[in-house]
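Undergrad: If you scroll down you'll find the structure; I have some questions about it.
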Amino acid sequence: KAYVDDQTHEEMRANRGTLTEPGRDSPFRGRSVDENLDLFRRMRAGEFPNGARVLRAKIDMAAGNINLRDPVMYRILHAPHPRTGTTWSIYPSYDYAHGQSDAIEGVTHSLCTLEFADHKPLYDWFIDNLPVPSKPHQYEFARLNLDYTILSKRVLTQLVRDGHVSGWDDPRMPTIAGIRRRGVPPEALRAFAASIGVARADSRADYAMFEHPIRELLNKTASRRMAVLRPLKVVIENYPEGQVEELDAINNPEDEAAGSRKVTFGREIFIERDDFMEVPAKKFFRLAPGQEVRLRYAYFVKCTGVVKDASGEVTELRCTYDPETRGGNTPPDGRKVKATLHWVSAAGAVPAEVRLVNHLFANPNPDAGNFAAELNPNSLEVLTGCMLEAAAVASNEAAPMQFERQGYFVRDRDSTPGNPVFVRTVGLKDSFARAVAKG
């Protein structure tokens with residue numbers, strides 16, 4: 001039921017036939033069992049060069065399913081294997097090895113994607129014609145198609161080889177190593193899989209469906225920390241010089257058992273550059289000249305002045321604070337503010353590098369055949385000079401944490417004692433950004 005074929009790859013392709021025409025038998029199809037066994041042993045011993053011969057199953061060259069037209073079972077390949085070295089000079093085809101591996105390992109249900117439906121008769125033929133210990137069954141379902149993502153191993157391999165990503169564990173990669181490094185909890189991945197289900201109809205999953213269970217889980221489990229990614233210095237002019245105080249901050253409002261921590265506050269702090277507008281847009285309630293906001297866990301502050309460099313860029317803000325609003329409480333006169341900003345004290349700030357992971361592809365339905373042209377040039381933003389509160393880097397563990405108003409982050413393995421590095425797992429929704437996008 002098998003024979004060694006000496007035809008070239010081109011000859012085998014020419015003799016395979018088409019969907020409307022049957023194939024032609026190989027001139028070597030009638031070799032005797034003894035001759036085939038002798039040649040196959042010599043193939044196994046490494047006697048012949050690559051491509052000189054193949055072992056083919058003897059099925060039916062006139063079969064309506066082209067996959068049954070004497071498919072290749074073994075090819076000669078003189079190349080080291082990562083596990084067995086140079087022990088083997090022949091390697092099995094996927095179609096041959098698939099069912100055999102399943103049967104040997106005791107697999108009962110082999111779940112494949114729809115393109116393998118035409119291969120199922122071959123899967124079953126090998127199972128029926130070889131002495132395997134069990135009889136698994138192959139079932140085909142639609143593959144998972146996720147927006148802005150390609151899951152093809154061929155494309156992912158090319159991304160690594162061509163240097164588009166740093167490796168298989170690049171946090172932008174949809175690999176187990178990549179999403180683990182990015183800080184995605186396995187429970188969230190399982191919840192995502194459960195939410196989209198399994199079907200036979202081709203469909204695409206919105207990327208938001210992937211992010212939703214991650215946020216849901218991390219919201220309950222991640223500690224809160226304050227981090228300013230694009231710092232803008234603020235000097236509180238009426239705060240006593242040299243004075244430093246500690247304020248209470250909640251570790252996780254979703255988990256009372258998480259307790260609280262102390263954050264340092266002083267005359268000079270950093271806020272996010274995007275939290276200030278010299279000429280505020282409509283519905284911008286954050287800091288602006290003459291505008292008052294609440295600093296989370298701290299005080300009400302009002303912008304009284306702006307310092308610019310020679311090019312006109314704002315380099316520093318001058319503010320005043322209301323000492324009666326300690327802890328962010330409403331002042332005795334009852335006035336209210338419409339925005340609460342996160343901040344980091346200049347005295348206790350720890351500089352860090354933060355990597356913002358975005359979609360690897362710019363197109364929600366990228367073309368696998370032309371993937372390089374559809375890569376997102378902003379798939380990875382590396383921010384240096386970020387300012388974090390000390391508690392964010394107090395532990396070297398890669399535990400997920402929420403940088404308040406920024407998103408969920410995890411400490412990266414590239415971190416060093418003098419340069420902590422954090423990777424964004426998933427961002428938070430920004431209501432003002434959505435309002436601007438809508439116009």
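The values are calculated or read from the model by the stated rules, or taken from the named source; none is laboratory data. Source: prediction; values computed, not measured. Cβ atoms come from the backbone with ideal geometry, glycine included; neighbour counts cover every protein chain shown. The area values use the complete protein model at the heavy-atom level, side chains included, leaving out ligands, DNA and RNA. Shrake-Rupley method; radii C 1.70, N 1.55, O 1.52, S 1.80 Å.
For every residue, the table says whether it meets (1) hydrophobic (A, V, I, L, M, F, W, C); (2) touching a Cys at 6+ places or on another chain (Cβ under 9 Å); (3) closer than 24 Å to residue 172 by Cβ.
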residue: 334; (1), (2), (3): no, no, no
residue: 347; (1), (2), (3): yes, no, no
residue: 355; (1), (2), (3): no, no, yes
residue: 383; (1), (2), (3): yes, no, yes
residue: 406; (1), (2), (3): no, no, yes
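Undergrad: In addition: Check off (1) open to solvent by 20 Å² or more (accessible area, probe 1.4 Å); (2) of a type outside the set (Val, Ile, Thr); (3) under 30 Å from residue 309 (Cα atoms) for residue 239 and give me the number that stays unchecked.
TA: (1)
Undergrad: Among the residues of region 341-395, write down those that are among the small types (Gly, Ala, Ser) and crowded, with 18+ Cβ neighbours inside 10 Å.
TA: 345, 348, 349, 352, 379, 391, 392
Undergrad: Right, here's the next one. Can you list the strands (runs of 3 or more DSSP E) lying wholly within region 233-319 that have 2 or more residues being out of contact with any strand residue (DSSP E or B) (no Cβ under 6 Å at 6 or more places or on another chain) and of a type outside the set (D, E, K, R)?
TA: Once the strands (runs of 3 or more DSSP E) in region 233-319 are filtered for at least 2 residues that are out of contact with any strand residue (DSSP E or B) (no Cβ under 6 Å at 6 or more places or on another chain) and of a type outside the set (D, E, K, R), nothing remains.
Undergrad: Filtering region 104-113 down to residues that are closer than 22 Å to residue 72 by Cβ and loosely packed, with under 15 Cβ neighbours inside 10 Å, which residue is modelled with the highest pLDDT?
TA: Applying the filter and picking the extreme gives 104.
Undergrad: Take the residues in region 114-131 that are exposed (fewer than 14 other Cβ atoms within 10 Å of the Cβ) and touching a residue at least 60 places away in the same chain (Cβ under 8 Å); name whichever of them is farthest from residue 57 (Cα to Cα).
TA: Per the criteria, the residue is 114.
Undergrad: Restricting attention to region 53-92, and to residues there that are in a loop (DSSP other than H, G, I, E, B) and among the β-branched types (Val, Ile, Thr), which single residue is surrounded by the most Cβ atoms within 10 Å (Cβ to Cβ)? So that I can check it myself, show each step before the final result.
TA: Taking region 53-92 as the starting set, the residues that turn out to be in a loop (DSSP other than H, G, I, E, B) are 53, 58-65, 69-71, 77-80, 82-84, 86-89.
With among the β-branched types (Val, Ile, Thr) added as a condition, the list becomes 59, 84, 86-87.
Details: 59: 20, 84: 8, 86: 10, 87: 9.
The extreme case among them is 59.
Undergrad: Test residue 38 against the criterion of being outside any loop (DSSP other than H, G, I, E, B), out of contact with any Ser or Thr (no Cβ under 7 Å at 6 or more places or on another chain) and without any contact (Cβ under 8 Å) to a residue 24 or more places away in the chain, and give yes or no.
TA: yes
Undergrad: Residues in region 384-396: is at least one polar (S, T, N, Q) and not in a loop (DSSP other than H, G, I, E, B)?
TA: Yes, there is a match, as at least one residue in region 384-396 is polar (S, T, N, Q) and not in a loop (DSSP other than H, G, I, E, B).
Matching residues to (1) assigned to a loop (DSSP other than H, G, I, E, B); (2) of a type in the set (Val, Ile, Thr); (3) open to solvent by 20 Å² or more (accessible area, probe 1.4 Å); (4) within 21 Å of residue 364 (Cα to Cα):
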site	(1), (2), (3), (4)
139	no, no, yes, no
149	yes, yes, yes, yes
154	no, no, yes, yes
158	no, no, yes, yes
167	yes, no, no, no
171	yes, no, no, yes
174	yes, no, yes, yes
178	no, no, no, yes
